[in-house]
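The values are calculated or read from the model by the stated rules, or taken from the named source; none is laboratory data. Not measured: the values here are computed from a predicted model. Just the protein is used for accessible areas: all its heavy atoms, side chains included, with ligands, DNA and RNA removed. Shrake-Rupley method; radii C 1.70, N 1.55, O 1.52, S 1.80 Å.
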Amino acid sequence: MNIEMSLLFGAVGALLGVIGVIVTMKKDSKVQGASEASISAKVDYIARGVDDIKLDFKDQGRKIEAQNERLIRVEESAKQAHKRIDKMEDNNNED
């Protein structure tokens with residue numbers, strides 16, 4: 001009878017051990033899944049931020065290009081104005 005009880009307790013203990021391992025593995029799997037989901041969400045957030053920064057850089061590049069075009073026009077206009085002023089000075093010096 002002692003042997004039967006020992007075997008019964010041993011079998012129950014082994015069964016509880018297996019169940020405990022299975023439950024722990026499921027909990028670990030859930031925790032790992034939640035952690036991976038959190039990391040994935042953060043990576044997606046960072047990727048969207050990088051995309052926004054790229055768009056901002058493109059927009060800044062366009063603005064700088066527009067400013068450069070305007071600067072070139074102003075320089076050309078100033079050059080023409082200086083030529084006209086020089087002609088006016090030459091005309092005044094001749095008189």
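Things worth noting here:
- Whole-Hz Karplus values for region 55-72 come out as 5, 4, 5, 4, 5, 5, x, 5, 5, 5, 4, 5, 5, 4, 4, 5, 4, 4 Hz, taken residue by residue from phi with 6.51 cos²θ - 1.76 cosθ + 1.60 and θ = phi - 60°; glycine and proline positions read x.
- Within the listed set Q32, Q60, Q80, the Gaussian network model of the chain (springs between alpha-carbon atoms below 10 Å) gives the highest mean-square fluctuation for Q80.
- For percent of Cα pairs over 15 Å apart, the candidate list reads (1) 55; (2) 58; (3) 82; the entry that matches the value derived from this model is (3).
- Descending principal axes extents, region 1-44, alpha-carbon based, whole Å: 64, 6, 5
- Calculated accessible area for the chain comes out at 95 Å² per residue, all protein chains present (probe 1.4 Å; ligands, DNA, RNA ignored).
- Surface composition of region 1-74: carbon and sulfur make up 67 percent of the accessible area, probe 1.4 Å.
- Estimated from helices alone, the mean residue ellipticity of the chain at 222 nm is -37500 deg cm²/dmol (sum of -39500 (n - 2.57) over DSSP H runs with n ≥ 4, per residue).
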